[in-house]
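The values are calculated or read from the model by the stated rules, or taken from the named source; none is laboratory data. None of the values given here were measured: they were computed from a predicted structure. No Cβ is skipped: glycine too gets one built from the backbone with ideal geometry, and neighbour counts run over all protein chains shown.
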C-alpha cells in the first residue's frame, strides 16, 4: 500500500492537477508500474484520507471516475479492486434506439454530455423490426459494460432482453414487462394521452371532426390508439382513425393528430398552400416535442415526455448503478396550432 501512496504523493504540486486528478492519475501510475495488478485490493477511502490528507469526498469521486472507466470495481463491503490493467479503458455502452428521430437525437446528445469523456457509446437502431432487434442484442451481448435499450412491443422482446445481464441493463422510452429485477426509465402513453386530449377537449369541440393517423403495424404505441378511442367517446366528439395522411387532403374545420413528423410537415405545407390559419381554420396536434415544433408556423401544440430529463436520469444510472424504476411525466405544451 505504501508504494501506492507514494505514486499519488509524487504528483503533488503538478501544475493544473487537482487533488482529484492527482488521486486518479496516481492510481493509474501504480497500475502501469505493476505495483498493483488485476484483482488486487486497493486502499480504502478512510486509509487514503488518513495517509494523504485528502477529503473523503475527493477520494470517493476519484474512485467513482476509475470505476466509471472500468479500471476499478467496487465490491460491496469488501472494498475497491483493480478490474482492468488497461488504464486507457473506457466504459463501453451499447445504446439501442428506435431510429434517429429529432427527439431521440435530443436523448442521445444529453446522454452523451452527461456521461462525460470517459464513457464510450455505440449507437444502434432497430427501426421497430424484431429480427433486427434480436440480431443487434445478440451481437452486442457480452461486449459492453452497460446496455441501454428502447424495446419493441413484441411477444419475443422479453425473451431477447433476458439474455443480457440485468444488472447492466436499463430499459428506456417505453416499458415492456419481463421477469427479473431490472431498471427502467420510461414514459407512459395511455393515461398521458387521454389527459392531453381531455385538456384540449373544449378547443377540439370547436372543430367538426378530429382525425388521428395510426398505422397498426408501426411503432406508434397502441396505448395512444386506445386513449383516442376513449376520448372521442367520453367527450362525444366526432372522430375518425385513418392509416395515413394523403398530401392535399387537409380540410377546413377539422382537427388533425399525427405522431409521424413526415405527415406533420405535409399538413403544414398544405395549410400554407390552402391559406388555412392554424388554430382557427384547422387544428393540428403532434406528439413528441422538439425545437422545430416550437418555432414553425408560430408553434405546434404537442404533448411529450421530457427526453432531456430521461437522458439525464439514464446517464446517472450508468454512472452510479443505483437501481431505478421511474416513469418520466408527459406534459401538454399548448401553442397556436390548436
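Can you list residue pairs whose Cβ atoms sit under 7 Å apart, with the first residue in region 70-89 being touching a residue at least 60 places away in the same chain (Cβ under 8 Å) and the second being surrounded by 15 or more Cβ atoms within 10 Å (Cβ to Cβ)? Count only pairs 6 or more apart in sequence or on different chains.
70/83; 70/84; 70/89; 70/90; 70/91; 70/145
For residue 201, only one of the following conditions fails: (1) touching a residue at least 12 places away in the same chain (Cβ under 8 Å); (2) in the same structural domain as residue 135 (by TED's automatic domain parsing); (3) surrounded by fewer than 19 Cβ atoms within 10 Å (Cβ to Cβ). What is its number?
Result: residue 201 passes all but (2).
Residue by residue, here is whether (1) out of contact with any strand residue (DSSP E or B) (no Cβ under 9 Å at 6 or more places or on another chain); (2) crowded, with 17+ Cβ neighbours inside 10 Å; (3) more than 23 Å from residue 327 (Cα to Cα); (4) modelled with pLDDT under 95 holds:
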{"residue": "67", "(1), (2), (3), (4)": "no, yes, yes, yes"}
{"residue": "71", "(1), (2), (3), (4)": "no, yes, yes, yes"}
{"residue": "88", "(1), (2), (3), (4)": "yes, no, yes, yes"}
{"residue": "103", "(1), (2), (3), (4)": "no, yes, no, yes"}
{"residue": "117", "(1), (2), (3), (4)": "yes, no, yes, yes"}
{"residue": "141", "(1), (2), (3), (4)": "no, no, yes, yes"}
{"residue": "145", "(1), (2), (3), (4)": "no, yes, yes, yes"}
{"residue": "148", "(1), (2), (3), (4)": "no, yes, no, no"}
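Exactly one condition in (1) under 31 Å from the mean Cα position of the chain (by Cα); (2) surrounded by 14 or more Cβ atoms within 10 Å (Cβ to Cβ); (3) part of a loop (DSSP other than H, G, I, E, B) is false for residue 216; which is it?
(2)
When you scan region 247-331 for strands (runs of 3 or more DSSP E) that lie fully inside it, which ones turn up with 2 or more residues that are over 18 Å from the mean Cα position of the chain (by Cα)? Lay out the reasoning, then the answer.
Working: elements: 254-258, 283-287, 301-305, 325-327.
Ranges flagged: 254-258, 283-287, 301-305.
Please specify each residue of region 12-29 satisfying the condition of being touching a residue at least 12 places away in the same chain (Cβ under 8 Å) and either crowded, with 21+ Cβ neighbours inside 10 Å or on the phi > 0 side of the Ramachandran plot (or both). Walk me through how you get there before you give the answer.
Of all residues in region 12-29, those touching a residue at least 12 places away in the same chain (Cβ under 8 Å) come to 19-20, 22-29.
Selection gives 22, 23, 24, 26, 27.
Looking at 34, 61, which one is modelled with pLDDT of 90 or more, under 30 Å from the mean Cα position of the chain (by Cα) and more than 25 Å from residue 165 (Cβ to Cβ)?
None of the other options fit; the residue is 61.
Condition first: within 17 Å of the chain's Cα centre (by Cα) and within 14 Å of residue 318 (Cβ to Cβ). Can you find one or more residues in region 127-136 that meet it?
no
From (1) more than 30 Å from residue 44 (Cβ to Cβ); (2) touching a residue at least 12 places away in the same chain (Cβ under 8 Å); (3) crowded, with 16+ Cβ neighbours inside 10 Å; (4) under 16 Å from the mean Cα position of the chain (by Cα), pick out the condition that doesn't hold for residue 112.
All conditions pass for residue 112, except number (2).
Where residues in region 151-185 are closer than 30 Å to residue 334 by Cβ and touching a helix residue (DSSP H, G or I) at 6+ places or on another chain (Cβ under 8 Å), which of them is modelled with the lowest pLDDT?
By that ranking, first place goes to 153.
Which ones in region 90-100 are in a loop (DSSP other than H, G, I, E, B), surrounded by 15 or more Cβ atoms within 10 Å (Cβ to Cβ) and modelled with pLDDT under 85?
90
Please go through region 119-129 and give me each residue that is out of contact with any helix residue (DSSP H, G or I) (no Cβ under 7 Å at 6 or more places or on another chain) and either surrounded by fewer than 16 Cβ atoms within 10 Å (Cβ to Cβ) or closer than 30 Å to residue 87 by Cβ (or both), ordered by number.
Passing the criteria: 120, 122, 127, 129.
Of all residues in region 30-62, which are part of a helix (DSSP H, G or I), without any contact (Cβ under 8 Å) to a residue 24 or more places away in the chain and closer than 15 Å to residue 83 by Cα? If you could, list the steps in order and put the result at the bottom.
Filtering region 30-62 down to residues part of a helix (DSSP H, G or I) leaves 30-32, 45-52, 56-62.
Keeping just the survivors that are without any contact (Cβ under 8 Å) to a residue 24 or more places away in the chain gives 45-46, 49-50, 56-57, 60.
None; the set is empty.
Is it true that residue 140 is under 20 Å from the mean Cα position of the chain (by Cα), on the phi < 0 side of the Ramachandran plot and either outside the structural domain of residue 98 (by TED's automatic domain parsing) or touching a residue at least 40 places away in the same chain (Cβ under 8 Å) (or both)?
yes
Name the residues in region 245-258 that are touching a helix residue (DSSP H, G or I) at 6+ places or on another chain (Cβ under 7 Å) and over 21 Å from residue 202 (Cα atoms), would you?
Matches in region 245-258: 245, 247, 248, 250.
Collect the residues in region 1-29 that are under 13 Å from residue 59 (Cβ atoms) and in a loop (DSSP other than H, G, I, E, B), keeping them in residue-number order.
Scanning region 1-29 gives a single hit, 18.
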